[in-house]
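As structure tokens, the structure follows; a few thoughts come after it.
Coordinate-derived values only; no laboratory data. Here the structure is a predicted model, which is why all the values come from computation and not from measurement. Here the Cβ is made from the backbone with ideal geometry for all residues, glycine too, and neighbour counts use every protein chain on show.
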Amino acid sequence: MKAEEIFAESVKAMKEILTPMGMLDSIGRSKLRSEAENAALVDRHRESINELVRKIVESGPAEALAGAPQELIDAMVLRYLRNREIFMKTFPLGIENIDAVPVLLWAAIMISPHDEASQV
């Protein structure tokens, strides 16, 4: 699967998970914070984001996001945007034999090896 296809499928999944308006609102709030504040937000919610991503994959976004604090959702969006850029630089040609299910592509981008290693 080409990198552009993975990118497009992950965007599609993110829009289904949060809705386009939800994404825009979250991005708008991130612009009100400094870069350092956004980085701290993602770092503060690192483990919660991982847990939320797993819940979204297992039970769907509606159930997983019910009651999730806005700060956590914003942190999830920020991580997605950061990890998506890292993914595109790391795999510019894409990945062969990858499962093309949009939510699984999204989850693979969301939980990077660094994020997993921080739980050990």
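Quick look at the numbers
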read-out	value
Qualifying positions in region 84-94 - more than 14 Å from V11 (Cβ to Cβ) and in contact with a helix residue (DSSP H, G or I) (Cβ under 7 Å, 6 or more places away or on another chain)	F91, P92, L93, G94
Meets criteria (in a helix (DSSP H, G or I), exposed (fewer than 12 other Cβ atoms within 10 Å of the Cβ) and under 16 Å from the mean Cα position of the chain (by Cα)) for E16	no
Among residues of region 1-13, those that are more than 16 Å from the chain's Cα centre (by Cα), part of a helix (DSSP H, G or I) and of a type in the set (A, V, I, L, M, F, W, C), counted	1
Matching residues, region 28-46, being in a helix (DSSP H, G or I), within 13 Å of the chain's Cα centre (by Cα) and either over 18 Å from A108 (Cα atoms) or of a type outside the set (A, V, I, L, M, F, W, C) (or both)	R46
Qualifying residue in region 86-95 (condition: among the aromatic types (F, W, Y) and assigned to a loop (DSSP other than H, G, I, E, B))	yes
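Residues checked against (1) touching a residue at least 40 places away in the same chain (Cβ under 8 Å); (2) closer than 18 Å to V11 by Cα:
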residue: R33; (1), (2): no, no
residue: R44; (1), (2): no, no
residue: L52; (1), (2): no, yes
residue: V57; (1), (2): yes, yes
residue: I73; (1), (2): yes, yes
residue: R82; (1), (2): yes, yes
residue: I109; (1), (2): yes, yes
